[in-house]
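Colleague: What follows is a structure written as structure tokens; I'll ask about it next.
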Amino acid sequence: MTIRNGRRCSAAVAYLRPALARANLRVQVGARVNRILLEGHRAVGVEYVSASGDLSRAYAGREVILAGGAINSPQLLMLSGIGDPEELRSHGIETKVPLRGVGKNLQDHLSADVGYVRKTPGKFHHEMRLDRIVVDLAKAYLFGSGFASDVPGGVTAFLKTGLDPKLPDIQFLFRAGSLAAQPYLPPFLPSFADTYGCRVALLRPKSRGRVSLASADPLAPARINLNFLGDEDDLKVLRAGMRMAVDVCRQQPLAPFVGAEATSLKTDAEIDAHIRATGITVYHPISTCRMGSDNESVVDPECRVRGIEALRVVDASVMPDLIGGNINAVVIMIAEKAADMIRGHAPPPPSNA
């Protein structure tokens, strides 16, 4: 969690807001970039539609830095003619820089949930009643204290199923409340089921998906094929992780809280069906503009797009492979490192910590 002085500290709070007063910074919100402007094999700016609907252009003095994330960065490259020639041709887009790896190698963490109905009402459900949560939110905002100043989670574990003897391949994300929780106030707003449980995340998937264009229209959302469970080994690991979570949740310290299992997860078939029916992303998409030196890589070790000058991608899409954990800190590290390289700073000395 990124918390400072008892409040959430996002990248915008930590980096952008302190810089807003700088004379050399202009932030334009509500704008949508249509394409990167190219002159030969050099990026010179971007074409965008402002919040008012005007078509505008912004030109770069030194280079263009693309930070659209693992979905929008490859989409924008392809809209600009940078990508797999066959795919670009299918949408009537002229290939400016042939890079077959753009949009490929999409990876993400898949998770499934082990849920239980509480034997007796819990504090989370009690406090979520509308009249109570409004007061709690005010306390959290004004004083940084009370029920709403904490989150009903935060307990995690990195575990080995035994299928990969070297590294943890499963993460537990325990939750003290329902994933469907929202304020309620009978009889006007219905209540939600008082449940708790554990999300089981697959840390090192072998499956690979892709991001592709739906059309040459910048307004058309990109096509996202995560291809979860495309490799049979991923299902085996997640199934083993689900069994481990069920075992943990049946231990004696949790017995006073267990009313009933939300779903029967006894046989392999039941577990597999549950994973396929309820599996969701952990929102860690990466690697669609992968860093490397082979023919499928998109950027070099300094985040520069191969085959074109003055264009970098600095976001999760450049990660070569998925780490065994949450990616937020890693993406911030990538941005910090890229900032140093752009400014020509020497690398810091190695740490022995």
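What follows draws every value from the coordinates through simple rules; no lab data is involved. Keep in mind the model is a prediction, meaning the values are calculated, not measured. Every residue, glycine as well, gets a Cβ built from its backbone with ideal geometry; the counts of neighbours run over all protein chains shown.
Colleague: Pick from Gly101, Gly61, Gly209: which residue has the top mean-square fluctuation in a GNM of the chain where Cα pairs under 10 Å get a spring?
Modeller: Residue with maximal mean-square fluctuation among Gly101, Gly61, Gly209: Gly61.
Colleague: Here's a follow-up. Only Cα pairs under 8 Å and at least 6 apart count here; give the relative contact order of the stretch 1-80 as a rounded whole percent.
Modeller: Relative CO of the stretch 1-80 lands at 20 percent.
Colleague: Past the 13 angstrom mark, what percentage of all C-alpha to C-alpha distances in the stretch 225-264 do you count?
Modeller: For the stretch 225-264, the fraction of Cα-Cα distances above 13 Å is 64 percent.
Colleague: Using alpha-carbon pairs under 8 Å, 6+ residues apart, how would you state the relative contact order of the chain in percent?
Modeller: Relative contact order for the chain comes out at 21 percent.
Colleague: Per 10 Å bin, what percent of the C-alpha pairs of the stretch 113-212 does each bin hold, from zero upward?
Modeller: 14, 32, 27, 17, 10, 0
Colleague: What do you get for Rg/Rh of the stretch 187-233 when both radii come from the Cα atoms and Rh is the Kirkwood radius?
Modeller: 1.24
Colleague: Working from Cα positions, state the angle (0 to 90°, nearest 10) between the long axis of helix 232-249 and the longest principal axis of the chain.
Modeller: 40 degrees
Colleague: Let me ask another. With θ set to phi - 60° and the Karplus curve 6.51 cos²θ - 1.76 cosθ + 1.60, what are the ³J(HN,Hα) couplings of the stretch 175-192 in order, to the nearest whole Hz, using x for Gly and Pro?
Modeller: Each residue's phi maps through the Karplus curve to give 10, 9, x, 6, 5, 9, 5, 7, x, 9, 7, x, x, 7, 10, x, 7, 10 Hz.
Colleague: Something else now. For the stretch 36-142, what is the relative contact order in percent, using Cα pairs closer than 8 Å and at least 6 residues apart in sequence?
Modeller: 15 percent
Colleague: Two decimals, Cα atoms only, Kirkwood Rh: what is Rg/Rh over the stretch 4-83?
Modeller: My calculation puts Rg/Rh at 1.03.
Colleague: Sticking with this structure for a sec: If you take the C-alpha gyration tensor of the stretch 146-201, multiply each eigenvalue by 5 and take the square root, what semi-axes do you get, largest first, in whole Å?
Modeller: Gyration-tensor ellipsoid for the stretch 146-201: 33, 13, 6 Å.
Colleague: Evaluated at 20 °C with a viscosity of 1.002 mPa s, what Stokes-Einstein diffusion coefficient in µm²/s does the stretch 194-353 have when Rh comes from the Kirkwood expression over alpha-carbon pairs?
Modeller: The Stokes-Einstein estimate is 112 µm²/s.
Colleague: Something else: Determine ³J(HN,Hα), in whole Hz, for all residues of the stretch 304-313 in sequence, where each value follows from phi through the Karplus function 6.51 cos²θ - 1.76 cosθ + 1.60 and θ = phi - 60°; x replaces Gly and Pro.
Modeller: Rounded to whole hertz, the list is 7, 5, 5, x, 8, 9, 6, 9, 10, 10.
Colleague: With N residues in the stretch 287-353, what two-decimal value do you get for its Cα radius of gyration over 2.2 N^0.38 Å?
Modeller: It is 1.16.
Colleague: Oh, and also: Going highest first, how would you order 256-265, 105-114 by mean Cβ packing within 10 Å?
Modeller: Result, highest mean first: 105-114, 256-265.
Colleague: While we're here: How large is the direction-averaged shadow of the alpha-carbon convex hull of the stretch 43-160, in nm²?
Modeller: 15.4 nm²
Colleague: How big is the gap, in Å, between the Cα center of the stretch 186-242 and the Cα center of the stretch 51-130?
Modeller: Taking the Cα centre of each part, the stretch 186-242 and the stretch 51-130 sit 14 Å apart.
Colleague: Using all C-alpha to C-alpha distances in the chain, build P(r) with 10 Å bins and read off the rounded percent in each one.
Modeller: Binned Cα distances yield the sequence 5, 19, 26, 24, 18, 7, 1.
Colleague: Please list the non-local residues whose amide H lies under 5 Å from the amide H of Ser178, H modeled 1.01 Å from N, same-chain partners needing a gap of 5 or more.
Modeller: Answer set, sorted by chain and number: Thr195.
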